[in-house]
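What follows is a set of notes on a single structure, which appears directly below.
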Ligand code: FES
């Protein structure tokens, strides 16, 4: 295997470093030292870093990885890498580990290889080949609720089919189950700046999650849910911090936004707060390691309604443009409805008004064809009634306008709350897809 690895480049003149530091982000943040000019895959093999590989010679494409921090500390891209990586991939920081030599400190991550079994833990004869990632030892990244204890997992699976009977109570059970798992995740190298004001109202506050050494990194801006009338950026000490922490762990700056609620703030007040938060991010995120030209807006539930409206509702989109690179709508109410089956119909009336004649023009789906940026849609198998249908409707409208289906992930087993609560637990059904999308929106 080692014989296939290319010889290193000529030693770099005047290299002052005695050793460099390599952080294997997808292996729980394992950090090792190596001599300058080391081959990245060779370091991974020697130190059991966990980067997947097969050929070691630039042929198979298995060792594709992302340099989260320190891309300037890697050597020139080889022709063999261009067979596996597009120009957009290279610009986003992807390299082939077996072809990459290191001039300084780097943090590297990679996609866990899909599991081919339903067992809870990945299996491999070679420990360097396991998909440790941020994953607890018992979690299967591809299986819903695999990070939880067997009892909690069984409870979550049983709760899905009856989700809509008691949404509030079921949501509390989900948060309770994930709390201890999320509280135990490592925090080394992660930073958070809390309660920064983007407006004068007490709820116009946001938190910024970053990582030591990040520079010009992509940015996600997260808008929480709560049926327009409730909800906070921190539902509890771990959720939604878990969502942003997951991204910062992968070299992406995360912004967690709180906003004004109805009835104090009615349509389009939520979307206007999103706009104010995005404006703050564009002006200030460079100081936290983010690139203001690479902002992806993510909304969950009612937060998706506000995010979607900000991105494509002509009553809300700023005249100078929304300033976004991409949009992600998770389990969102993209159509204003007060149908009998909608458990939040009363809250919808409070935010969007009693006059149902306005509902069509105030629905995000109505403006789907106007959206001018890449979009990623996600819904859980067990949703609050109609949210999956509205997500599919939005996807269909975008597809008809563009002649191409946008990215759409339907998460088997998950419910309206766990689709977000599972982030940073070791389950990566949605997270790894979003990380790819945020790094290279298309
Ligand atoms: S291990 Fe095959 S391309 Fe790098």
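The values are calculated or read from the model by the stated rules, or taken from the named source; none is laboratory data. Treat the numbers as computed from the prediction; the structure is a model and nothing was measured. Every residue, glycine as well, gets a Cβ built from its backbone with ideal geometry; the counts of neighbours run over all protein chains shown.
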Selection status of residue 33, at pLDDT 90 or above, more than 24 Å from residue 253 (Cβ to Cβ), surrounded by fewer than 18 Cβ atoms within 10 Å (Cβ to Cβ) and touching a strand residue (DSSP E or B) at 6+ places or on another chain (Cβ under 9 Å): yes
Could you check how many residues of the stretch 235-251 are in a helix (DSSP H, G or I) and either within 11 Å of the chain's Cα centre (by Cα) or over 19 Å from residue 302 (Cα atoms) (or both)? 8
Just one of 270, 254 is crowded, with 24+ Cβ neighbours inside 10 Å and either part of a loop (DSSP other than H, G, I, E, B) or in contact (Cβ under 8 Å) with a residue 60 or more places away in the chain (or both); which is it? 270
Return yes or no: is residue 152 modelled with pLDDT of 90 or more and touching a strand residue (DSSP E or B) at 6+ places or on another chain (Cβ under 6 Å)? no
Any residue in the stretch 39-52 that is within 12 Å of the ligand (Cβ to nearest atom), closer than 15 Å to residue 110 by Cα and in a loop (DSSP other than H, G, I, E, B)? yes
Yes or no: residue 115 more than 15 Å from the ligand (Cβ to nearest atom), farther than 19 Å from residue 214 by Cβ and either surrounded by 18 or more Cβ atoms within 10 Å (Cβ to Cβ) or modelled with pLDDT under 90 (or both)? yes
Taking the stretch 54-75 and keeping residues more than 6 Å from the ligand (Cβ to nearest atom), out of contact with any helix residue (DSSP H, G or I) (no Cβ under 9 Å at 6 or more places or on another chain) and without any contact (Cβ under 8 Å) to a residue 60 or more places away in the chain leaves 71, 72, 73
Which one of these does residue 85 not meet: (1) part of a loop (DSSP other than H, G, I, E, B); (2) closer than 20 Å to residue 251 by Cα; (3) within 13 Å of the ligand (Cβ to nearest atom); (4) touching a helix residue (DSSP H, G or I) at 6+ places or on another chain (Cβ under 9 Å)? (4)
Any idea which residue in the stretch 282-319 is surrounded by the most Cβ atoms within 10 Å (Cβ to Cβ), counting only those that are assigned to a loop (DSSP other than H, G, I, E, B) and touching a strand residue (DSSP E or B) at 6+ places or on another chain (Cβ under 8 Å)? 301
